[in-house]
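Beneath this line is the structure, given in structure tokens, with notes to follow.
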Amino acid sequence: MSELAHTWTNVVVILIFVFSFAALLSWIERRLLGVWQDRYGPNRVGPFGVLQSVADAIKLLAKEDWIPPFADKALFVLAPAVIAITTLLAFAVVPVAPGIGVVDLNIGLLFFLAMSSLGVYSIVLGGWASNNKYSLLGGFRAAAQMLSYEVFMGLSLMGVVMLAGSFNLRDIVTAQEGLWFCIPQILGLITFTVAGIAEARRLPFDLPEAENELVAGFHTEYSSMKFGLFFIGEYVGIIVISAMMVTLFFGGWLGPLLPPLMWFLLKTSIIIGFFILLRASLPRPRYDQLMAYGWKVMLPLTLFNLLITGAIVLAWGL
Amino acid sequence: MEITFYLSGAIAIAATLMVITGLSAVHALLYLIVSLLAVAIVFFVLGAPFAAALEVIIYAGAIMVLFVFVMMMLNLGKAAAAKERDWLNPGMWVGPAILAALLLAELLYIFAQDGGTSPTVVVDAKAVGISLFGPYLLGVELASLLLLAGLVGACHLGWHEEREGDGAGLARRSGQGGVVADGPSRENG
């Protein structure tokens, strides 16, 4: 009974924390962008503008929830829910700290990959169901981009799996005692970072919603809380990708002095900050450049990494 | 665990029936995705978590995305107003939503069962790898030959259009689709 209570406390606390952090992240991002662009950002609501996300939520909830008459209503409603569900489910396997985490799956890493690959339906169906040219173009781009980047996202993690000898994320973290995988798997880290940004559809890979050519891409027709769900889904996606990078390459909760939970939060926050810095500093590539970069640069790089890692593991008999 | 097996099996069958009887290609594909997810849960319950994960990643997450991608392009051309009204029928979408919700509930139930311990022998990734590159090596090689043939074919088709002069063939083809597409979609707008 107490174990059940422990599990449920874990589930509820993590769910609430991830959701509120995702909401807060919209404010953090705007403030950080402001700092890097030499302006203030939202600083009016509450101390330092920290309640800005609450104000945004109230605004979104109070807006008219409009479904265009020409849209495929069912899919139009379903699409934003898919992204929220898949990103939150992906977070379920993240090992936050010893004893903290929703579920300890033996195929945790594969489960994360599965959920991130299902997330694309949200964007594609949202774009298609809107029955609008810009939305459809956004949906097309999302499908092609996420499919291409997913291929080497999975492959880039196989080096980590080889070194740790397990798909279980907790085993992967404990295998990093002594040396974090960001050193031996530096190529894997680079390719996973690129793939992760593309999967989270962040700038410079936000072509599905490129606002200066596609209005707002796949969510052009969305308003009110349906748009809010896409928004939350994107931020939860960033948190999940950052948490996975920490887990797979930066030793998860491992670290001296501070308690494990603090280390995990600290590392994850730094990587999220890095994602926001990327948004502030990089221009958006052209679409064909994006695809060529994925298939011609990143995929060979991951295969090369796999080859080297495989050879070393075989030679040293790790 | 037996209940989850029979339930997901039933969902897989029902969803596959809807794929066959469905009128709209995109909706039928969504049922197919639900069916694949149900089959993945069947694999999981039977003690093959690796196969289950690959089913979701490769079939539901990659191949079906390609199908949806192509269907989205084709459908735009045939989006007649009458058909469009058919799609707005709630009967078309309540189905996949309920089935997917059931699957989700099942998944949560499996999680509640401590990561899904199964009475049968669990076949993990290592066992799959050993049998793939051991007794079934010939099958793997044959499958890779087939894939290579497909790849060469696709490469040939793509190369041919490049040579016609800066993707002219591709432009002509999508142009034809566009002419058909414009009429009905403008009426709807």
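Taken over the stretch A:114-144, the criterion of being more than 11 Å from chain B (Cβ to nearest Cβ) and surrounded by fewer than 24 Cβ atoms within 10 Å (Cβ to Cβ) is satisfied by A:Tyr134 alone. Examine the stretch A:189-205 for a residue that is surrounded by fewer than 22 Cβ atoms within 10 Å (Cβ to Cβ), over 15 Å from the mean Cα position of the chain (by Cα) and at pLDDT below 80, and state whether such a residue exists. No, the conditions are met nowhere in the stretch A:189-205. Scanning the stretch A:40-57 turns up no residue that is over 23 Å from the mean Cα position of the chain (by Cα) and within 14 Å of chain B (Cβ to nearest Cβ).
Here is the figure for the stretch B:7-37: residues that are among the hydrophobic types (A, V, I, L, M, F, W, C) and in contact with an Asp or Glu (Cβ under 9 Å, 6 or more places away or on another chain) total 6. Taken together, the residues in the stretch B:47-69 that are at negative phi, of a type in the set (Gly, Ala, Ser) and more than 8 Å from chain A (Cβ to nearest Cβ) amount to 2. Among the candidates A:Trp27, A:Trp36, the residue that is closer than 19 Å to A:Phe231 by Cβ and either in contact with a Cys (Cβ under 6 Å, 6 or more places away or on another chain) or of a type in the set (Phe, Trp, Tyr) (or both) is uniquely A:Trp27. The set of residues from the stretch A:267-318 being part of a loop (DSSP other than H, G, I, E, B) and free of Cβ contacts under 8 Å to residues at least 12 places away in the same chain comprises A:Arg286, A:Gly317. Annotation: A:Ile85 fulfils all but one of (1) buried (at least 22 other Cβ atoms within 10 Å of the Cβ); (2) within 14 Å of chain B (Cβ to nearest Cβ); (3) within 30 Å of A:Val13 (Cβ to Cβ); the unmet one is (1).
For the stretch A:106-196, the helices (runs of 4 or more DSSP H) that sit wholly inside it and include 3 or more residues that are farther than 19 Å from A:Ala79 by Cβ are A:108-118, A:133-164, A:169-174.
Residues that are modelled with pLDDT of 65 or more and more than 8 Å from chain A (Cβ to nearest Cβ) within the stretch B:108-119 comprise B:Leu108, B:Tyr109, B:Ile110, B:Gln113, listed in sequence order.
Facing another protein chain (nearest Cβ under 8 Å), over 15 Å from B:Leu103 (Cβ atoms), assigned to a helix (DSSP H, G or I) and at pLDDT below 80, is that true of B:Val19? So B:Val19 does not fit the description; no. Could you tell me whether any residue of the stretch B:89-103 is at pLDDT 65 or above and outside any helix (DSSP H, G or I)? Checked the stretch B:89-103: at least one residue is at pLDDT 65 or above and outside any helix (DSSP H, G or I). Residues that are modelled with pLDDT under 85, more than 17 Å from the chain's Cα centre (by Cα) and surrounded by fewer than 17 Cβ atoms within 10 Å (Cβ to Cβ) are absent from the stretch B:45-52.
The residues of the stretch A:283-318 that are among the polar types (S, T, N, Q), out of contact with any Gly (no Cβ under 7 Å at 6 or more places or on another chain) and surrounded by 14 or more Cβ atoms within 10 Å (Cβ to Cβ) amount to a single one, A:Thr302.
Does the stretch A:60-77 contain any residue that is in contact with a His (Cβ under 8 Å, 6 or more places away or on another chain) and more than 9 Å from every other protein chain (Cβ to nearest Cβ)? Within the stretch A:60-77, not a single residue is in contact with a His (Cβ under 8 Å, 6 or more places away or on another chain) and more than 9 Å from every other protein chain (Cβ to nearest Cβ).
Checking each residue in the stretch A:241-277 for being surrounded by fewer than 19 Cβ atoms within 10 Å (Cβ to Cβ), within 17 Å of A:Pro95 (Cα to Cα) and of a type in the set (Gly, Ala, Ser) picks out A:Gly255, A:Ser269.
Inside the stretch B:7-55, residues that are farther than 20 Å from A:Leu75 by Cβ and touching a residue at least 24 places away in the same chain (Cβ under 8 Å) make up a count of 15.
Of the listed requirements (1) aliphatic (A, V, I, L, M); (2) more than 28 Å from A:Phe140 (Cβ to Cβ); (3) touching a helix residue (DSSP H, G or I) at 6+ places or on another chain (Cβ under 6 Å), B:Ala28 misses just one: (2).
In the set (1) of a type in the set (D, E, K, R); (2) more than 22 Å from A:Gly228 (Cβ to Cβ); (3) touching a helix residue (DSSP H, G or I) at 6+ places or on another chain (Cβ under 6 Å), the condition left unmet by A:Glu3 is number (3).
The values are calculated or read from the model by the stated rules, or taken from the named source; none is laboratory data. This is a predicted model, so every value here is computed, not measured. For neighbour counting, all protein chains shown are included, and Cβ atoms are generated from backbone atoms with ideal geometry for every residue, glycine included.
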